[in-house]
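The values are calculated or read from the model by the stated rules, or taken from the named source; none is laboratory data. Because the structure is a prediction, the values reported are computed rather than measured. Every residue, glycine as well, gets a Cβ built from its backbone with ideal geometry; the counts of neighbours run over all protein chains shown.
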Amino acid sequence: MTNNCYPLSYYIRIMTKVQDHIENDKKYTSLTVNKGIVQPPVVNPNLQAKRTKKQVLSINEFLSGILQGNIAVLSQAVTLVESSKPEHQAIAQELIEKCLPYAGKSYRIGITGVPGAGKSSFIETLGMHITKAGKKLAVLAIDPSSERTKGSILGDKTRMEELSVSKNAFIRPSPAAGSLGGVARKTRETIVLCEAAGFDTIFVETVGVGQSEIAVHSMVDFFLLIQLSGTGDELQGIKRGIMEMADGIIINKADGQNIDKANLARNLFQNALHLFPKPESGWDPQVLTCSSIEKRGITETWDMITSYSSFTKTSSFFEHKRSKQSKYWMYESINEQLKTHFYDNKQIQSLLIDNEKKVLNNEISSFVAANDLLNYYFNKEK
């Protein structure tokens, strides 16, 4: 048997021949491989020439585009607002100030509920009902962010296929990014931009994590809670939390064999609401059943929401509530900026590492470490 083992250099020399194959070497007599044709480049050679740097709009261009209802410009503005870069924030805040005179004319509706309650399906069905009536709807959908990767799926738009292509609708999914209360950090500012763009109805769909999810209540006019039958919550209505803040409750998925259970849950929830003190608005929260799939109960739900609007505007509670919300968000903005300024401080960043090591080595307690850092920060700022 002939030994066909050759030095490595031999194979390297053979394999580096242009437009040739190692099998065509004279040492191999049983196989021939054609050279074939020269392959075209994977990337279009003209593509790079067509690429241009994305134009950065000026404040006036942003404002003009938003006031004209340009969705592309509005989307860019929302991205700017959500950015954590200082240079973007400076532009965003100036833009928001210029949009304020054109904002405040929409009806803001917060929609929350446990995961799986059918919030996205309900929003699409109710949203189509609203847009077909000639209204302009903006849906601000908040997606939960991963605690590990900090990323979000942002898939709400894909679950609202019909609404997403409606000319009178704008859907903007945003990551929660660790924000408490189930709402994105910049949701309130985004509402201002959407109102300036001419949207007269705003939906804020929250993450849906349970009773702690109440921050949305401080930025909307009507707070809608979506529930399911048979979850046990109807038997825990006496709990203080998200239920007593709801202006209306919907028992979703009241279809098929679930209709009787949904009606029973409706009665139980309605009885549970009587255990709470009467809301400041004077409104008696209603509990309705609906089916997003069969489109039943949607008209009644919208009638309830509009009835609440008329009720609160007649009693002047509508403006009173918005004034309280503006005051609340002023303090929230102060807290946020103080926190950002603290962690962006270079000296604090260095001291944080040192104090963290001391805490881990049990040299000082967590509370002492925090007090030392805060004392240094405030004395430094004097």
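A few remarks follow.
- Residue match in the stretch 324-336 (condition: in a helix (DSSP H, G or I) and among the aliphatic types (A, V, I, L, M)): yes
- Within the stretch 159-174, the set of residues being within 27 Å of Ala262 (Cβ to Cβ) and modelled with pLDDT under 90 comprises Arg159, Met160, Glu161, Glu162.
- Qualifying residue in the stretch 279-295 (condition: of a type outside the set (Asp, Glu), over 30 Å from Asn371 (Cβ atoms) and in contact with a Pro (Cβ under 9 Å, 6 or more places away or on another chain)): yes
- Residue in the stretch 274-297 that is assigned to a helix (DSSP H, G or I), in the same structural domain as Met245 (by TED's automatic domain parsing), surrounded by 13 or more Cβ atoms within 10 Å (Cβ to Cβ) and not polar (S, T, N, Q) present: no
- Filtered residue count, the stretch 80-106, keeping only those that are buried (at least 19 other Cβ atoms within 10 Å of the Cβ) and touching a helix residue (DSSP H, G or I) at 6+ places or on another chain (Cβ under 7 Å): 8
- Tabulated pairs, the stretch 351-364, first farther than 15 Å from Asn375 by Cα, second part of a helix (DSSP H, G or I) and of a type outside the set (Asp, Glu), C-beta under 8 angstrom, 6+ apart or interchain: Glu356/Ala369; Lys358/Ala369; Val359/Ser366; Val359/Ala369; Ile364/Asn355; Ile364/Lys358
- Residues that are of a type in the set (D, E, K, R) and closer than 29 Å to Tyr308 by Cβ were ranked within the stretch 69-117; the one that is nearest to the chain's Cα centre (by Cα) is Arg108.
For (1) modelled with pLDDT under 95; (2) touching a helix residue (DSSP H, G or I) at 6+ places or on another chain (Cβ under 7 Å); (3) buried (at least 24 other Cβ atoms within 10 Å of the Cβ), each residue gets a yes or a no:
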residue	(1), (2), (3)
Ile109	no, yes, yes
Lys119	yes, no, yes
Ile123	yes, no, yes
Ala133	yes, no, no
Ala138	no, yes, yes
Asp143	yes, yes, no
Glu147	yes, no, no
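- From Leu264, Leu268, Leu273, residue being closer than 19 Å to Ile226 by Cβ and in contact with a Pro (Cβ under 7 Å, 6 or more places away or on another chain): Leu273
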